[in-house]
Amino acid sequence: MSKQTTWSDRFESALNPAIAIFNASIGFDLELIEYDLTGSIAHAKMLSKTKIISDAEAQQLVSGLSQIRTEYQQGNFNPGIEAEDVHFAVERRLIEIVGDVGKKIHTARSRNDQVGTDIRLYLRAEIREIQQYLRQFQAALLSHSEQHVETLIPGYTHLQRAQPISLAHHLLAYFQMSQRDWSRLEDVYKRTNISPLGCGALAGTTFPIDRQYTAELLEFDQIYENSLDGVSDRDFAIEFLCAASLIMVHLSRLSEEMILWASQEFSFITLKDTCATGSSIMPQKKNPDIPELVRGKTGRVFGHLQGLLVIMKGLPLAYNKDLQEDKEGIFDSVKTVKACLEAMTILLDEGIEFKTSRLAEAVAEDFSNATDVADYLVSKDVPFREAYNLVGKVVKTSIAAQKLLKDLTLDEWQQLHPAFEADIYEAIAPKQVVSARNSYGGTGFEQVHQAIARAKSLLD
Ligand code: ARG
C-alpha cells in the first residue's frame, strides 16, 4: 500500500480506504473554497509583510491561489477524496502550480484557525444575503398590505373568531417578525465577524505574525483574544442557526395560515396556477405545496441547531475533529432558509389572491362585534363588567333565535338596556368595529396607514 502524502514521515502506511472516506470532508467543504483562497491570500501577504517569507515568494503564492480560483470558477478544479479536505486540496494544487514555494503557505498557520476563518467568512457573506431575502419578503408583505388596509378578515384567538381586523394589520404582523429576524442577523454578524486567523493549532505561533493585518485584509472587525477560544468557538454558528430557526418559525406560521386560508372551510384565498399543484388522482384538487414544504423544511433547520448544540456540549478545549461536523448543518440551513424565503416571496407576489367578497361575508356572519356592544354601553357609562354580562346574555339568546346582533330591533336592544340608541347599528358594523380600534399598534385604519408608512421607511 502506498503511503499517502499529506502526513509527515511519522506515518508508514496510508489510511485504510474506507477510513479515508470516513475521515474526508472534501465531499462537502468545497463549498468553502472561495473563502479558503481569500483567507490564504491574506495569510501570504501577511507572511511577506512580517518578512517571514520574501515579497517575491508571496507574489508567487498569491498568483497561484488566484489561478486556483479561476480553475474552480471554470469548473476545472475537482479534487477527489484523496485530498481529504478543501484546505489540503488547495495546498496540494498550489504546490503543483508554483512548485516548492507553495510549501511555504502553511507557515505559521494550522487547518484549525484556517477552517475557523473560512466558516466565518462564508457565514458573514450568507448573513448579508439572507438579510436581502428578508427584505424582499417584507416588500411582498408590504405590497399586499397597501392594497388591503380596508379589507377585513376575521381575527382569531384560540382559532375562534375573536374580533375583525384589517387584513393589512394581519400581514404587517409578519413584517414585524421579519424585521426582528433581520436585526437578529445583524447582531449575529457582529460575533461572526471576528478573526481566529493566527491562533494556530491552539496556542498561537512562534513566528512574528501580524494578526491585525490579516484581520484588516479580510475585513474582520476584531480578532479573537484567546487562541484556544479562537479555534474552538462555534457560538456564532449556533447563534446563526438559532436566528435561522426563528426565521423558519415565522415562515412556518404564515404557511400554516395560508394552508388554512386556501382550504374550502376558510376559502379566504385562491391559489394561482403558477404556485399550486394538482393531485395525481383527484382532478378537483389544487394543493398548497409551497407553504406545506416550507412548514415541513422547518424541521431540518431546528435539527441542525440541536445537532450543533450537542456537538459542542462535551468538547474539551481546543479543536476536536467533531467540529468537522458543523458544516453540513450550516450549509443546509443557509440553503433552506434562502429557498424558503424566496418561495414564500414568490407565493405572495404572484401565487395568491385574497377573496375579498368572501372575507367581507366572513366578518359579517358572526358575533365578533360583541366586544363592541359592550364598549358601546361603557361609553354610555355602564360599568364594563355589567355590560360584558349583558352582552353575553344577548349573544346566547340570539344564537338560540338564529339571529346576528345586527338583526336585533331597536326595541330588543332597549329592552336589554335603556342606554341603547339607533347609533348601535353603526357602532357594530364591521368597518366601524375595526376603524374604532385606533390605539397605537391596533388595527384601526389610521393606525394601519401609519404602520405602513413606518414599514416603508424601514425598507427605503
Ligand atoms: N476538515 C477539518 C474540519 O472541517 C479541517 C480542520 C482539521 N484539523 C485537524 N486538526 N484535523 O474541521
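Here the ratio of the Cα radius of gyration of region 1-148 to 2.2 N^0.38 Å is 1.35. Within the accessible area of the chain, the carbon and sulfur atoms contribute 52%, probe 1.4 Å, all protein chains present. With contacts taken as Cα pairs under 8 Å at a separation of at least 6 residues, region 307-460 carries a relative contact order of 15 percent. Is region 314-460 best put as rounded, prolate or oblate by its Cα gyration tensor, with a ≥ b ≥ c the root eigenvalues, rounded for a/c under 1.5, and otherwise prolate when a/b is larger than b/c, oblate when not? Prolate, because a/c is 1.5 or more and a/b exceeds b/c.
Surface analysis of the chain yields an accessible area of 48 Å² per residue, using protein heavy atoms and a 1.4 Å probe. Below 8 Å between Cα atoms, with a sequence gap of 6+, how large is the relative contact order for the chain in percent? RCO, the chain: 15 percent.
3J(HN,Hα) couplings calculated from phi for region 349-358 with the Karplus curve 6.51 cos²θ - 1.76 cosθ + 1.60 (θ = phi - 60°) are, in sequence order, 5, 9, x, 9, 9, 7, 8, 5, 6, 5 Hz; Gly and Pro show x. Charge tally around Gly102: other residues with Cβ under 13 Å, Lys/Arg +1 each, Asp/Glu -1 each, net 0.
Partners of Lys49 within straight-line reach, counting lysines whose Cα lies under 24 Å from its Cα and excluding those fewer than 8 residues away in the same chain: Lys103, Lys104.
Computed on the Cα trace of the chain, the radius of gyration divided by the Kirkwood hydrodynamic radius gives Rg/Rh = 1.16. Roughly speaking, what is the centre-to-centre gap between region 84-106 and region 218-245 when only Cα atoms are used, to the nearest Å? Between the Cα centre of region 84-106 and that of region 218-245, the gap is 27 Å. Which of the pairs Lys190/Lys313; Lys396/Lys431; Lys45/Lys327; Lys272/Lys396; Lys272/Lys327 have their Cα atoms more than 29 Å apart in this structure? The answer is Lys272/Lys396; Lys272/Lys327.
The values are calculated or read from the model by the stated rules, or taken from the named source; none is laboratory data. Please read these numbers as outputs of a predicted model, since none were measured by experiment. Please note: Cβ atoms are built from the backbone with ideal geometry, for glycine as well, and neighbour counts cover all protein chains shown. Heads up: the accessible areas ignore ligands, DNA and RNA and are worked out on the full protein's heavy atoms, side chains in. Shrake-Rupley method; radii C 1.70, N 1.55, O 1.52, S 1.80 Å.
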